[in-house]
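Comments concern the structure below.
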Amino acid sequence: MEKRYKFRIYPTQAQEAQIQKNFGCCRFVYNYFLAKQIERRKLSKENSEYAGLHDTTKELPRLKRTAGYEWLSEADSASLSYALCDLDNAFKKFFKNVKRAQAPGFPKFKSKKWQLKSYRCKNRPGRKADHHSSIEVGKNQVKLPKLGWIKCAVSRAVEGRILSASVIQQPNGKYFVSVYCTDVNHSALHKTNMVTGLHLGVKNLVTTSDGEQFANDRYLKKSQAKINRLRRQLSRKPSDSKRREKARKRLADAFDKVSCQRTDALHKLTTKLVRQYDVICVRESQVSEMMRNRVFSKHLSDANLGEIIRQLSYKCQWYGKTLVKVNKLSPSVQICSGCGYKNTLLKPHHQEWNCPECGLCHKRGINAAVNVLNEGLRLLESNNVIDCRE
Ligand SMILES: [Zn+2]
């Protein structure tokens with residue numbers, strides 16, 4: 001199985017300069033070839049004129065030898081190839097969307113400002129057993145191509161075979177390395193013979209069909225006043241000044257804190273669920289549709305419901321558990337889990353209701369979770385579901 005390990009790195013001044021050079025060269029290569037593709041499209045007005053990855057890869061060494069572009073050789077060459085892959089993937093996604101008649105999303109130029117900066121580098125294993133490979137993780141340091149050993153907070157042992165690594169700089173200036181490994185063995189967690197259905201929401205992040213509720217801590221809401229204050233401070237600073245840069249970093253730090261709090265809470269939540277249950281049923285993500293609601297969208301993005309499903313699906317795969325995704329159109333909140341009566345009068349603010357048919361008293365979230373569980377078990381029995389372990 002594949003796994004990513006993300007660690008914070010502390011480059012020296014020289015290493016930082018080289019990292020920035022790599023960011024810049026990758027961005028340049030991406031933008032240069034994107035501009036070329038746009039030019040080709042303008043001349044022909046047909047997608048058939050698209051130069052694929054094969055052509056751009058052949059053109060890159062020629063560009064490096066051209067007078068005025070020699071500085072491209074100073075960057076890690078594999079990372080430039082990866083930039084071409086990224087561009088090719090962006091175009092493939094665009095063509096696919098055009099075919100499906102969805103909003104196409106034409107590839108955009110990469111900007112130097114206000115973007116997460118990153119580049120990827122490839123691990124070249126040593127040719128002989130005693131040779132070193134180009135990416136290695138040591139005790140408190142990590143080795144990367146063109147950079148050598150960098151001080152690194154290695155918080156856990158890296159298992160498996162290293163394929164590649166990404167170097168990332170967040171808007172608040174912190175550097176991270178993300179090491180991508182394959183052939184990682186996960187020992188399955190012991191079986192508990194428990195099944196559950198989940199109802200995801202904004203007030204309670206997760207309600208299980210057993211009645212357990214995990215409250216939404218709303219980290220963004222808690223930090224909103226501070227973020228607003230920092231935004232006002234930033235807007236008052238003169239452009240291109242040192243004080244503006246400092247204020248920008250402070251704002252980015254505040255956002256980073258919210259993001260860290262949220263990630264930490266979600267990981268704890270999903271790990272607990274995967275440990276506790278053998279089969280977890282969850283409704284397929286409706287998040288993108290719900291995000292269209294402008295009142296809800298801010299709270300929803302703070303809750304990050306899509307991330308819960310993503311984490312559950314890979315953790316179930318790692319630890320030998322089963323995740324059943326129930327169709328998003330299947331009945332949930334309005335249906336009585338006891339008799340199947342549909343209560344069309346139920347409004348979003350109704351937290352409790354009595355079924356007029358069978359008289360059961362329902363709590364909104366728990367009733368919905370039980371419905372998800374019933375639908376999930378039905379799917380499992382009819383073998384209509386893809387087992388996550390396969
Ligand atoms: Zn009923």
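The values are calculated or read from the model by the stated rules, or taken from the named source; none is laboratory data. Nothing here was measured: the structure is a model prediction, and the numbers come from that model. Note that we place each Cβ from the backbone using ideal geometry, even for glycine, and neighbour counts take in every protein chain shown.
Looking at the structure I just gave you, is ARG41 in a helix (DSSP H, G or I), exposed (fewer than 12 other Cβ atoms within 10 Å of the Cβ) and either in contact with a Phe, Trp or Tyr (Cβ under 8 Å, 6 or more places away or on another chain) or without any contact (Cβ under 8 Å) to a residue 40 or more places away in the chain (or both)? Please lay out each step first, then the result.
Values: in a helix (DSSP H, G or I): yes; exposed (fewer than 12 other Cβ atoms within 10 Å of the Cβ): no; either in contact with a Phe, Trp or Tyr (Cβ under 8 Å, 6 or more places away or on another chain) or without any contact (Cβ under 8 Å) to a residue 40 or more places away in the chain (or both): yes.
When the stated conditions are applied, ARG41 does not pass them.
Within segment 129-147, restricting attention to residues that are touching a residue at least 40 places away in the same chain (Cβ under 8 Å) and over 12 Å from ILE9 (Cβ atoms), which residue is surrounded by the fewest Cβ atoms within 10 Å (Cβ to Cβ)?
Filtering first and then ranking leaves LYS146.
Among what's in segment 44-96 and is part of a loop (DSSP other than H, G, I, E, B) and within 32 Å of the chain's Cα centre (by Cα), pick the residue that is surrounded by the fewest Cβ atoms within 10 Å (Cβ to Cβ). First the steps, then the outcome.
Pass one, segment 44-96, residues part of a loop (DSSP other than H, G, I, E, B): 45-46, 50-52, 66-69, 75-76.
This time we only want the ones that are within 32 Å of the chain's Cα centre (by Cα), so: 50-52, 75-76.
Numbers: TYR50: 16, ALA51: 15, GLY52: 10, ALA75: 24, ASP76: 24.
Out of the qualifying residues, it is GLY52.
Is there a residue being in contact with a Phe, Trp or Tyr (Cβ under 6 Å, 6 or more places away or on another chain), surrounded by 17 or more Cβ atoms within 10 Å (Cβ to Cβ) and not aromatic (Phe, Trp, Tyr) anywhere in segment 223-232? Steps first, answer last, please.
Step one: filter segment 223-232 for residues in contact with a Phe, Trp or Tyr (Cβ under 6 Å, 6 or more places away or on another chain), giving none.
No - not one qualifying residue is present in segment 223-232.
Within the bounds of segment 367-377, is there any residue that is in a helix (DSSP H, G or I), exposed (fewer than 15 other Cβ atoms within 10 Å of the Cβ) and away from the ligand (no atom under 15 Å from the Cβ)?
Of segment 367-377, the ones in a helix (DSSP H, G or I) are 367-377.
Filter once more, keeping what is exposed (fewer than 15 other Cβ atoms within 10 Å of the Cβ): none.
No, every residue in segment 367-377 fails to be in a helix (DSSP H, G or I), exposed (fewer than 15 other Cβ atoms within 10 Å of the Cβ) and away from the ligand (no atom under 15 Å from the Cβ).
Can you tell me which residue within segment 332-342, out of those that are within 14 Å of the ligand (Cβ to nearest atom) and of a type in the set (Ser, Thr, Tyr), is surrounded by the most Cβ atoms within 10 Å (Cβ to Cβ)?
Applying the filter and picking the extreme gives SER337.
Residues in segment 322-331: is at least one touching a helix residue (DSSP H, G or I) at 6+ places or on another chain (Cβ under 9 Å) and within 16 Å of the ligand (Cβ to nearest atom)? Step through it out loud before you land on a result.
First pass over segment 322-331, keeping only residues touching a helix residue (DSSP H, G or I) at 6+ places or on another chain (Cβ under 9 Å): 322-328, 330-331.
After this cut, where a residue has to be within 16 Å of the ligand (Cβ to nearest atom) as well, the list is 331.
Yes, that holds for at least one residue.
State whether the residues of segment 187-208 include one that is in the same structural domain as LEU312 (by TED's automatic domain parsing), in a helix (DSSP H, G or I) and crowded, with 16+ Cβ neighbours inside 10 Å.
No: segment 187-208 contains no residue that is in the same structural domain as LEU312 (by TED's automatic domain parsing), in a helix (DSSP H, G or I) and crowded, with 16+ Cβ neighbours inside 10 Å.
If TYR314 satisfies all but one of (1) more than 16 Å from the ligand (Cβ to nearest atom); (2) farther than 13 Å from VAL279 by Cα; (3) surrounded by fewer than 16 Cβ atoms within 10 Å (Cβ to Cβ), what's the number of the condition it fails?
(3)
Go through the residues of segment 343-366 one by one and say whether even a single one is more than 12 Å from the ligand (Cβ to nearest atom), in contact (Cβ under 8 Å) with a residue 60 or more places away in the chain and within 16 Å of ARG283 (Cβ to Cβ).
So in segment 343-366, the residues more than 12 Å from the ligand (Cβ to nearest atom) come out as 344-352, 363-366.
Imposing the further condition that a residue be in contact (Cβ under 8 Å) with a residue 60 or more places away in the chain reduces the set to 363, 365-366.
So of that shortlist, the ones also within 16 Å of ARG283 (Cβ to Cβ) come out as 365-366.
Within segment 343-366, one or more residues are more than 12 Å from the ligand (Cβ to nearest atom), in contact (Cβ under 8 Å) with a residue 60 or more places away in the chain and within 16 Å of ARG283 (Cβ to Cβ).
Given (1) within 16 Å of the ligand (Cβ to nearest atom); (2) exposed (fewer than 14 other Cβ atoms within 10 Å of the Cβ), where does HIS267 come up short, assuming only one miss?
(1)
Are any of the residues in segment 371-387 touching a His at 6+ places or on another chain (Cβ under 9 Å) and basic (Lys, Arg)?
Taking segment 371-387 and keeping what is touching a His at 6+ places or on another chain (Cβ under 9 Å), we get 371-372.
So of that shortlist, the ones also basic (Lys, Arg) come out as none.
No, segment 371-387 has no match at all.
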